[in-house]
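None of the figures in this text is laboratory data; all of them are computed from the coordinates on show. Bear in mind the structure is a predicted one, so any value in this text is a computation, not a measurement. So basically every Cβ, Gly included, is an ideal-geometry build from the backbone, and we count neighbours across all protein chains shown.
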Amino acid sequence: MDKSRRRIQRIIVQVIFLISVAIIWEVTAKAHVFGERSELVFPTLEAIGTAFIRNFTEGYANVSFWVYILNSMKLLLIGLFMGIALSFVLTGFALMNKVFYDIYNLVVSVFDLLPGVALLPVVIVMFGINPAVIVFLVVHAVIWPMSRNMLDGFKAVPRIYVEAGKNIGMKGMKLLFGIYIPATTSYIVSGMKVSWARAWRGLISAEMIFGIASCPGIGLYINQMRTNMKNAEMYATLIVIIIIGVVVQYGILEPIEKNTIKRWGMTK
Amino acid sequence: MMNKEIALEIKKLNKSFLDENNEAEDILTNFNLQVEKNEFLCILGPSGCGKTTLLRCIAGFEKCQGEILVNGQQKTEPGIDRIMVFQDFNQLFPWKTVEKNIQYPLKQQGIKDKAVLDQLTSEYLEKVNLPGIQKKYPHQLSGGMKQRVAIAKALALKPQIILMDEPFAALDAMTRNKLLAEVQNISKTEDCTFMFITHNIQEAIVLGTRVMVMASGGKVKFDEKNTIEHPVTPASEGYGKLWKRLHDALEE
């Protein structure tokens, strides 16, 4: 009883907060506090709403906004998948081989600190202006935090699980996939959260810095709206970016968490 | 005595650990032991006497010098013929249900038939008086239940030797007594040799068909068959005497 009341209370508070922000926004917009620039800084909610719809119905230069979204998501998913797969392979190998562990540990520590966007000039020289650059940046955003989490996680695997595994004759890859990886799930899930957030930011930043005509993405769209002073559309695109983030958070990451570490009692 | 089969034979076992100054500290020196098939050997001893190390050497978790023979075959690696039941309640895999925890090692042994696996699972869960908990996750069980599942998991593998390292030490007295009775019943029906470490003299007398006391350095100070008639209670004939002798051996 108490728990559900607390939940209702939380929802009411959050809804009231959002409505208040909307009202303040609208009043500020209508009051033209920024004078001439007001329409650009604070477009009215109606303007943002119609821009939101126009984004999808008209798009920009005869290219639907859906195309931009799908392009971004495609590159993001390819990068995420490659990054996560590589993390599994490399950390798995690091677990088996001490020399590789020492090297990989150093590499992860160094590259984890390097913002992907800072690598852009080099990567562009390497790949040219094409979608591979974006994928590279997403992989870069994913692989290091993911590997760091997994390396730390492997170290924290209770000895008793490993011994219980060895006791029933498990060795090598079986031990890795049967014991180490499931026992590290909470680290893997938190690694995925960090990786996803970094990848999403990195992707939008890279797309804003240089647009790829053959594969236009959401970041490029924002930039095109900016250059055309279509600020209502810009805000509407920000809302889309937030919505995608929320969908991934609550539609993908939370169910993963709920079906693994929460179900197994590895977290509260 | 010659006609009894030997399940486990340990010859000239030496084990030392490096202390923080990198000097070797001998835990077991020239340790010899023979355990008969289906014997229930209880090992008592003060902390640090090497009894856990002995069990870990037998299980194959520690590198050591000397010979460890199970049914005459030398063992240097862990294997399913020697299953360890730990003191730690967290020895079950939290990411698997009780059923999967029991079946996983069986699958590793090549048993793939679902009907056989399910049958073995319910059979051994019933042996430890926990029928119907197949679908539960370990975190939903109490400490005593987890230990029982661990025992069921060990038994289902039909090992030659079950190594128990104070499995009930962290349980309350009532649960512990219940589990002792269960283990005793199981040990009579299963074709399996038990080695059971404990700090508790009563536990050793109730369970053991043979009781051993170890002192530091792995010296054996007491090693006798337990002839008290089962079921053993503190009122059994000879209980007090044996208790006193074990107590004295531990005190020395």
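If you average the sequence gap of Cα pairs under 8 Å that are 6 or more apart and divide by the length of region A:66-220, what percent do you get for the contact order? Mind dumping the intermediate values first?
Numbers: 180 pairs, mean separation 53.8, N = 155.
It comes to 35 percent, rounded to a whole number.
Name the residue farthest towards the positive end of the dipole of the protein assembly as shown from the options B:Gln91, B:Val116, A:Phe81, assuming +1 on Cβ of Lys and Arg, -1 on Cβ of Asp and Glu, about the Cα centre.
Of B:Gln91, B:Val116, A:Phe81, it is A:Phe81.
I want to verify a result. In a Gaussian network model of chain B, Cα cutoff 10 Å, which of these has the top mean-square fluctuation: B:Leu18, B:Leu106, B:Leu41?
It is B:Leu18.
Hey, in the GNM for chain A with a 10 angstrom Cα cutoff, which one of A:Ile179, A:Ile188, A:Ile134 fluctuates hardest?
Looking only at A:Ile179, A:Ile188, A:Ile134, the biggest GNM fluctuation is shown by A:Ile179.
Any idea which of B:Leu180, A:Ala236, A:Val123 is furthest toward the positive side of the dipole for the protein assembly as shown, if Lys and Arg beta-carbons carry +1 and Asp and Glu beta-carbons -1?
Checked the options; the winner is A:Ala236.
Order these by the 10 Å Cβ neighbour count, fewest first: A:Trp200, A:Trp66, B:Trp243, A:Trp144. Can you show the working numbers first?
Working: A:Trp200 20, A:Trp66 11, B:Trp243 15, A:Trp144 25.
Listing A:Trp200, A:Trp66, B:Trp243, A:Trp144 from fewest to most nearby Cβ atoms yields A:Trp66, B:Trp243, A:Trp200, A:Trp144.
Kindly put B:Phe17, A:Phe210 in sequence by how many other C-beta atoms sit within 10 Å of each C-beta, fewest to most.
B:Phe17, A:Phe210
Can you tell me the relative contact order of region B:93-157? Whole percent, Cα pairs under 8 Å, sequence separation 6 or more. All intermediate terms of the calculation are to be shown ahead of the outcome.
Values: 64 pairs, mean separation 30.9, N = 65.
Result for region B:93-157 is 48 percent.
Could you give the nm distance between label points at B:Asn22 and A:Leu40, where each point is 7 Å from its Cα heading toward the beta carbon?
6.9 nm
In whole Å, what are the Cα extents of chain B along the three principal axes, biggest one first?
51, 46, 43
Could you point to the residue in A:Asn62, B:Ile58, A:Tyr161 farthest towards the positive end of the protein assembly as shown's charge dipole, with +1 and -1 charges on the Cβ of Lys/Arg and Asp/Glu respectively?
Farthest along the dipole direction, towards plus: A:Asn62.
Using Cβ contacts closer than 10 Å as the measure, can you line up A:Tyr161, B:Tyr239, A:Tyr68 from fewest to most?
Working: A:Tyr161 21, B:Tyr239 16, A:Tyr68 26.
In increasing order of surrounding Cβ atoms, one gets B:Tyr239, A:Tyr161, A:Tyr68.
Figure the gain on full extension for A:Ser214 and A:Glu254 (residue separation times 0.36 nm, minus the Cα-Cα span) and round it to one decimal in nm. Intermediate values should be presented prior to the final figure.
Details: separation 40, 0.36 × 40 = 14.40 nm, distance 3.39 nm.
Fully extending the segment from A:Ser214 to A:Glu254 adds 11.0 nm.
Longer than 25 Å from Cα to Cα, which of B:Lys146/B:Lys188; A:Lys3/A:Lys155; A:Lys193/B:Lys107; A:Lys174/B:Lys12; B:Lys12/B:Lys51; A:Lys171/A:Lys193 are they? Say none if no pair is. Present the calculation step by step, with values, prior to reporting the outcome.
Details: B:Lys146/B:Lys188 22 Å; A:Lys3/A:Lys155 36 Å; A:Lys193/B:Lys107 33 Å; A:Lys174/B:Lys12 33 Å; B:Lys12/B:Lys51 15 Å; A:Lys171/A:Lys193 30 Å.
Over 25 Å Cα-Cα: A:Lys3/A:Lys155; A:Lys193/B:Lys107; A:Lys174/B:Lys12; A:Lys171/A:Lys193.
Would you please classify the overall shape of region A:1-160 from the alpha carbon gyration tensor, given that a ≥ b ≥ c denote the square roots of the eigenvalues, rounded means a/c under 1.5, and beyond that prolate means a/b larger than b/c while oblate covers the rest?
oblate
Take every DSSP beta bridge with both residues inside the protein assembly as shown and express the antiparallel ones as a percent of the total, to the nearest 5.
Working: 23 of 41 bridges.
Roughly 55 percent of the DSSP beta bridges within the protein assembly as shown come out antiparallel.
Mind jotting down the distance between the C-alpha centroids of region B:30-97 and region A:118-174, whole Å?
Cα centroid of region A:118-174 versus Cα centroid of region B:30-97: 36 Å apart.
Show the residues, 5+ positions off or on another chain, whose built amide H is closer than 5 Å to the amide H of B:Val213.
B:Leu44, B:Lys221, B:Phe222, B:Asp223
For chain B, what proportion of DSSP beta bridges, expressed in % and rounded to the nearest 5, is antiparallel? Before the final figure, lay out each step's value.
Details: 22 of 40 bridges.
Beta bridges within chain B, antiparallel portion: roughly 55 percent.
For A:Lys74 and A:Thr50, FRET efficiency with R0 = 25 Å and r from the beta-carbon atoms, rounded to 0.05? Don't skip to the answer; put the middle values down first.
Values: r = 28 Å, r/R0 = 1.12.
So, using R0 = 25 Å, E works out to roughly 0.35.
Read phi for every residue in region B:178-183 and hand back ³J(HN,Hα) as whole Hz from Karplus 6.51 cos²θ - 1.76 cosθ + 1.60, θ = phi - 60°, with x for Gly and Pro.
For region B:178-183, the Karplus curve yields 4, 5, 4, 4, 4, 4 Hz.
According to the square roots a ≥ b ≥ c of the eigenvalues of the Cα gyration tensor, what is the shape class of the protein assembly as shown, taking rounded for a/c under 1.5, prolate for a/b larger than b/c otherwise, and oblate for the remainder? Display every interim value, and only then the final one.
Working: a/c = 3.30, a/b = 2.42, b/c = 1.36.
Note, shape of the protein assembly as shown comes out prolate.
For A:Val110 and A:Asn97 in one chain, what is 0.36 nm times their gap in residues minus the Cα-Cα distance, to one decimal in nm? All intermediate terms of the calculation are to be shown ahead of the outcome.
Values: separation 13, 0.36 × 13 = 4.68 nm, distance 2.00 nm.
Residue separation times 0.36 nm, minus the Cα-Cα distance, leaves 2.7 nm.
About the Cα centre, and with charges only on the beta carbon of Lys, Arg (+1) and Asp, Glu (-1), how big is the dipole of the protein assembly as shown? Nearest 20 debye, please.
Working: 57 positive and 47 negative charges, 209 e Å.
With Lys and Arg at +1 and Asp and Glu at -1, about 1000 debye.
Given contacts defined as C-alpha pairs under 8 Å and at least six residues apart, what's the relative contact order of chain A, whole-number percent?
Values: 253 pairs, mean separation 60.6, N = 268.
Computed over chain A, the figure is 23 percent.
Pull out a ≥ b ≥ c, the square roots of the eigenvalues of the alpha-carbon gyration tensor of chain A, then state rounded if a/c is under 1.5, prolate if not and a/b is larger than b/c, and oblate in the remaining case. Provide the component values of the computation, followed by the final result.
On the way: a/c = 2.94, a/b = 1.56, b/c = 1.88.
Oblate, since a/c reaches 1.5 and b/c is not below a/b.
Using θ = phi - 60° and the Karplus relation 6.51 cos²θ - 1.76 cosθ + 1.60, list the HN-Hα couplings for region A:96-111 in order, rounded to whole Hz, with x at every Gly or Pro.
Ordered by residue, 3J(HN,Hα) equals 8, 10, 5, 4, 5, 4, 4, 5, 5, 4, 5, 4, 4, 4, 6, 6 Hz.
For labels at B:Thr29 and B:Thr233 in the simple 7 Å Cα→Cβ model, what's the distance in nm?
4.6 nm
Where the centroid of each part is defined by its Cα atoms, how far is region A:30-63 from region B:118-184 in Å?
Result: 67 Å between the Cα centres.
I need the calculated FRET efficiency for the pair A:Ala61 and A:Arg263, taking r as the beta carbon distance and R₀ as 56 Å, to the nearest 0.05. Present the calculation step by step, with values, prior to reporting the outcome.
Values: r = 48 Å, r/R0 = 0.86.
E between A:Ala61 and A:Arg263, to the nearest 0.05, is 0.70.
Return the tail of the calculated pair distribution for region B:93-157, meaning the percent of Cα-Cα pairs more than 13 Å apart. Each step should come with its number before you reach the end.
Details: 1164 of 2080 pairs.
Tail of the P(r) past 13 Å holds 56 percent of the pairs.
Using only helices, what value at 222 nm comes out for the protein assembly as shown when you add -39,500 (n - 2.57) per DSSP H run of length 4 or more and divide by the total residues, to the nearest 500 deg cm²/dmol? Numbers along the way, then the final one.
On the way: 20 runs with 286 residues, N = 520.
Theoretical 222 nm ellipticity from helices: -18000 deg cm²/dmol.
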